[in-house]
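Student: Please read through the structure below; I'll follow up with questions.
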Amino acid sequence: TMGIGQADPQIAALLEAELKRQRGGLEMIASENFVPKAVLQAQGSVLTNKYAEGYPGRRYYGGCEFLDQVEELARSRACELFGAEYANVQPHSGAQANAAVYQALAKPGDTVLGLALDHGGHLTHGTRMNFSGRFYKAETYTVNPDTYLIDPQIVLERALQTHPSVIIAGWSAYPRIEDFQALRQVADQVGAKLWVDMAHFAGLVAAGLHPSPVPWADVVSSTAHKTLGGPRSGFILARSAYGKVLDSAVFPGQQGGPLMHVIAAKAVAFKLAGTRAFRERMSRTLEGARIIADRLNGRDLAERGVSVLTGGTDVHLVMVDLRASELSGKEAEDLLARVGIAVNRNTVPFDPRPASVSSGLRIGTAALATRGFGPVQFERVAEIIAQALVAGRDADVEGLKAQVDALAQDFPLYEGLDQVG
Ligand code: PLP
């Protein structure tokens with residue numbers, strides 16, 4: 001019965017401080033979002049008490065009758081939302097979902113082919129320090145050096161050279177739409193399976209504002225917490241033929257007991273992602289990213305060596321290219337942080353600076369769209385970012401910060417919530 005304020009004042013104070021931080025600044029980290037209160041409630045529920053190893057109807061523990069219904073709802077909502085034949089909603093995270101996909105589609109030592117980390121791929125797509133690069137023979141493809149686009153012809157060339165059993169599509173830092181049908185053809189041509197990791201753009205797919213990889217890929221993995229706006233976690237979609245092998249790859253292959261409170265929260269998020277309100281939010285997300293890309297294409301920025309990778313965006317993020325700028329990615333990230341805007345530095349393809357400093361910024365709009373931002377506010381945010389990047393080390397940090405504070409105040413976050421809700 002003791003609340004957290006009494007039981008653990010130290011942690012309670014930190015939760016409050018974090019809520020205040022989230023309310024006070026502008027969150028533009030492309031992989032982040034704000035979950036609705038309903039998701040917080042499911043995730044903070046008594047379902048955390050329960051072991052439910054196994055799957056609905058086939059548990060290794062008693063007392064799972066309600067949890068079976070929770071997981072069934074999560075699975076069927078995921079299938080309906082994305083038009084998939086099969087869903088596994090148990091992965092604890094995106095990385096765990098991906099570990100299970102490897103286990104289901106490949107044997108240790110097999111060759112896999114994914115987008116290079118420094119060209120926008122994810123750690124789990126075969127980097128050396130990740131399990132994926134240690135247990136598999138990980139080969140990479142790059143973006144096209146002229147267009148900076150993912151180019152099925154380059155993927156094909158690399159696949160013909162390396163003979164992968166799995167081709168990995170999807171990305172963490174890339175501003176355009178991939179051609180899943182063309183990648184399917186590449187996979188078929190070399191006898192590989194096609195796996196798409198849609199973690200970043202899953203919300204756009206759910207809203208019908210981005211092509212779906214589901215009809216083309218053998219397996220699709222995702223996180224629930226980026227554009228999709230659900231709890232921090234993962235899930236997997238596939239053709240039903242892969243269901244059995246994926247189920248056993250997740251449990252007992254990679255995990256023990258599922259996080260049923262998180263699965264309940266995923267079920268809520270899948271339900272909400274099917275609504276018109278969600279689609280409207282995703283379309284504001286896209287509009288915001290286009291507004292920011294347009295502004296950062298301005299001549300005043302070009303004169304300072306700042307440009308937009310690929311000249312624009314089709315998704316929820318903009319990749320800023322600082323290779324010709326005196327500001328590094330690290331300096332630009334720090335500058336915007338001082339202004340109250342959270343973004344992350346990122347390598348850009350063919351980056352001359354070391355990864356720890358890098359020459360790119362990744363700017364996402366999903367969290368601000370969730371907060372209620374529309375075109376008018378995104379224009380103002382774009383202007384603040386543009387002014388900061390043009391002025392660089394001479395930026396009027398206080399003046400810009402005051403504008404950020406005003407925008408944040410106009411769009412209250414988690415009203416009525418204190419601490420954890
Ligand atoms: N896949 C992609 C494409 C991602 O961008 C991420 C997140 O950074 C992940 C997987 C990993 O997700 P998680 O952080 O939940 O392990």
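None of the figures in this text is laboratory data; all of them are computed from the coordinates on show. This is a predicted model, so every value here is computed, not measured. All Cβ positions, even for glycine, are placed from backbone atoms using ideal geometry, and neighbour counts span all protein chains on display.
Student: Can you give the extra length, in nm with one decimal, that the chain gains between residue 297 and residue 248 once fully stretched, where that is 0.36 nm per residue apart less the Cα-Cα distance?
Tutor: Length difference between fully extended and current span is 12.8 nm.
Student: Name the lysines eligible as straight-distance cross-link partners of residue 226: C-alpha to C-alpha under 24 Å, and not fewer than 8 places from it in the same chain.
Tutor: 20, 37, 266, 271, 330
Student: Same structure again: Given just the C-alpha atoms of the stretch 308-364, how large is their convex hull per residue in cubic angstrom?
Tutor: Measuring per residue, one finds 76 Å³ for the Cα hull of the stretch 308-364.
Student: Let me have the relative contact order for the chain, percent, based on Cα pairs under 8 Å that are six or more residues apart.
Tutor: 22
Student: Once both labels are modelled 7 Å past Cα along the beta-carbon direction, what's the residue 8-residue 182 spacing in nm?
Tutor: Computed distance between label sites residue 8 and residue 182 equals 5.0 nm.
Student: For residue 161 and residue 53, FRET efficiency with R0 = 51 Å and r from the beta-carbon atoms, rounded to 0.05?
Tutor: 0.75
Student: Continuing with this model, one more query. Can you show me the helix-derived [θ] at 222 nm for the chain, built from DSSP H runs with n ≥ 4 at -39,500 (n - 2.57) apiece and divided by the number of residues, rounded to the nearest 500.
Tutor: For the chain, the value works out to -13000 deg cm²/dmol.
Student: Using only C-alpha atoms and all pairs of different ones, pull out the Kirkwood radius for the chain in Å with one decimal.
Tutor: 22.2
Student: Taking every eigenvalue of the Cα gyration tensor of the stretch 212-323, multiplying by 5 and rooting it, what semi-axes result, largest first, whole Å?
Tutor: 36, 17, 14
Student: Past the 21 angstrom mark, what percentage of all C-alpha to C-alpha distances in the stretch 117-202 do you count?
Tutor: 23
Student: If you don't mind, another one. Roughly how many nanometres apart are two label points built 7 Å out from the Cα toward the Cβ at residue 417 and residue 405?
Tutor: Label-label distance for residue 417 and residue 405, simple model: 2.4 nm.
Student: Using only the alpha-carbon atoms, what does the stretch 1-119 span along each of its principal axes? Please give whole angstrom values in decreasing order.
Tutor: That gives 51, 47, 30 Å along the principal axes, largest extent first.
Student: Stretched out fully, how many nm does the piece from residue 146 to residue 21 gain, at 0.36 nm a residue minus the Cα gap?
Tutor: Gain on stretching residue 146 to residue 21: 40.9 nm.
Student: Can you find, among 153, 168, 100, the residue sitting farthest towards the positive end of the charge dipole of the stretch 87-196, where Lys and Arg contribute +1 and Asp and Glu -1 at Cβ?
Tutor: 100
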